[in-house]
1. Over the Cα atoms of the range 467-580, how large are the radius of gyration and the largest Cα-Cα distance (Dmax), in Å?
2. In terms of modelled amide H atoms, which long-range or inter-chain residues lie less than 5 Å from the amide H of A183?
3. Taking square-rooted eigenvalues a ≥ b ≥ c of the alpha carbon gyration tensor, is the range 356-461 rounded, prolate or oblate, where a/c under 1.5 means rounded and, failing that, a/b exceeding b/c means prolate?
4. Mind putting a number on the dipole of the range 356-461 about its Cα centre? Charges go on the C-beta only, +1 for Lys and Arg and -1 for Asp and Glu, and I need it in Debye to the nearest 20.
5. Rounded to the nearest whole Å³, what is the per residue volume of the convex hull around the Cα atoms of the range 443-494?
6. In terms of the Cα gyration tensor, with a ≥ b ≥ c the square roots of its eigenvalues, is the range 179-290 rounded because a/c is under 1.5, prolate because a/b exceeds b/c, or oblate?
7. Under 15 Å from the Cβ of D168, count the other residues' Cβ atoms, weight Lys and Arg +1, Asp and Glu -1, and hand me the total.
8. Using +1 on the beta carbon of Lys and Arg, -1 on that of Asp and Glu, and nothing else charged, what's the dipole of the range 467-580 about the Cα centre, debye to 20?
Amino acid sequence: MSAQLGRRLRRGATSGAVVAAAVAALAASQAPDTIPPAADNAGGDRAIGAGDTATPPSDGSATGDSPYYTDLPPLNTPNKPGAPTNLPVVTGPAEAGIPASVLSAYKRAEASIRSTDPGCNLPWQLLAGIGKVESGQARGGRVDANGTTLSPILGPVLNGVGFANISDTDDGAYDSDAIHDRAVGPMQFIPSTWATWGQDANGDGKKDPNNIYDAAQAAGLYLCANERNLAVRADLDRAILSYNRSTEYLNTVLSWFEYYKRGSHQIPDGTGVLPVDRSDNRGRGNRPTPTPPLSPLPTTPAPTTPAPQPGTPKPKPSEPGVPPTTPPPTVPPTTPPTTPPTTPPTTPPTVPPAVKVSRLSTVATGPLTATTGNAFAKAPTVAALDSSGAPVKGVSIRFEIGGTTGTRFADGTTTATVTTGSTGLAASPALRAGDKTGTFTVRATVVGVTLPAAEFTATVTAREADTLARVDGEALTATTGGGFAQRLEVKATDKGVLAPGVLVTAMVVTSKTEPEESTEGPYFKGEAGTTARTLVLETDASGLVTLDPDSLLAGDKAGTYYLQLTAPGGGTTFVELTVTAPTPTPEPSTPEPTPSGTDSPETTASPSPSA
């Protein structure tokens, strides 16, 4: 119903207001917007899909030169010259409307390919022009929520009767014909071409030529083949002609391409204007007419005998004695030679190596482990394989480090891109562990296509020391309320080699046999007056851990304590701590009174002023 209304508007509308009102009514009837496929990375979509290793068709044509729609865009432009181009267009000519899912697929393909092949300069309007000519934008946008056409779109049987003769290449898997091939889907790929360029752009796990997202992505890659720059007119012409080798096809696609570049707008799925005229049904009723191939025009040879010109007087008979008068010979007009137009040779598209990859396989390299701050002895390695399991050379593999251990590649980055060699193998640059222990993941992906990532789990462990020993044996003593004035140095070794960077835990305990953190006695001086009886120290470049004088305070209770030092790897030692009470200061003695020298109780003396 909506498609018929679109045609009536195109043919019989008498004012722009009627067209705008009708299109607005169609837009209002659109069901809730479908959710487009999710973006692949934070900066936009990355390239999607992966092709197989089948050889491109020998004729270099994506469609096998199948028939196409020949309707041309209207002469009026979608947007008036000088109108703002940064405003969304919600109404306009019906022919300028593109169904929502179809438009989303074209723009997604452009963004994806521009991210991986910016030199191609693929515009989505070119995909729209081809989609219009090939299928009328997927029959006016009759697709489901995933972008798959509601019914298959099939071209005529390519049996050589009016068309090319292409024997079956897919056992009827795509075109339901096990004898001959047929063009399939909204972008009309023949099965042999789809086998090479097919994509899975909507992430549903299959390459479906009847899915507009898959087909648009494949068409974009096909047009960009052979390092074409579509901003250059010669490359643009070659790309379109590689799709269908017909001059009329080239001109029709270019007409729609320019039309959409001047403006377009989104319309609900299923309401697009359907084209009418096709290249195989003009002037011959229902009998197919072959698509005119692109070939040099014939040169008409100049006539050898001039034709008599009308109005030329006949020669009069000669009078006797008078020599006959011979009219001057008629010289035919000189016709400049006709040079047939030169056609650029059609080169079969070059399949990018990434398109050939069917899967990434991890290569067993053993456990990926390293201690903090040290380099990993092994590197994550993957193999790029095609559908037959053969290695693919020249594929760009991106390695990405995740996790919070601080691990980096040798140049300090967390991403690196490596190209596979002749064996299809790619190994990441050397990994250097960070300063935090734990596990992290290294992901490997193919640049330019969407395939399951190959993942590696790696572990960062603490540096180890199997032996801790005091450098000197001086006793550590202090009195309550004071600090230990002696300097403590402990050497850490691992397998007899000095162990720098080892984290050594120092804890005050009361027993060597049952070491538990003491709740009294010596303690470490903390920040802002805090106290702690456990402290983590790190060995220096010489493998020494040092405790400076007065870093350990005696506390307020005398007794014998121990400082237990332990390290990853089993190194352990105890240092005795002796806390004594301070020596008491003796009090001054009181002198005895001196007797007066007389024992007579009767003798009484008057108080003396000196007393």
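Read-outs throughout are calculated quantities, based only on the coordinates presented, and are distinct from any laboratory measurement. Small disclaimer: the values here were computed from a predicted structure and weren't measured. Virtual Cβ from ideal backbone geometry, glycine too; neighbours counted across all protein chains shown.
1. Cα-based Rg and Dmax for the range 467-580 come out at 13.6, 41 Å.
2. Here the answer is G155, since their amide H atoms fall under 5 Å of that of A183.
3. Prolate.
4. On the way: 9 positive and 5 negative charges, 17 e Å.
It comes to approximately 80 debye.
5. Values: hull volume 10.2 nm³, N = 52.
Per-residue hull volume (Cα only) is 196 Å³.
6. Details: a/c = 1.22, a/b = 1.12, b/c = 1.09.
Since a/c stays below 1.5, the shape of the range 179-290 is classed as rounded.
7. Working: positive: R182; negative: D170, D171, D175, D177, D181.
Net local charge, D168 excluded: -4.
8. Numbers: 8 positive and 15 negative charges, 34 e Å.
Here the size comes out at about 160 debye.
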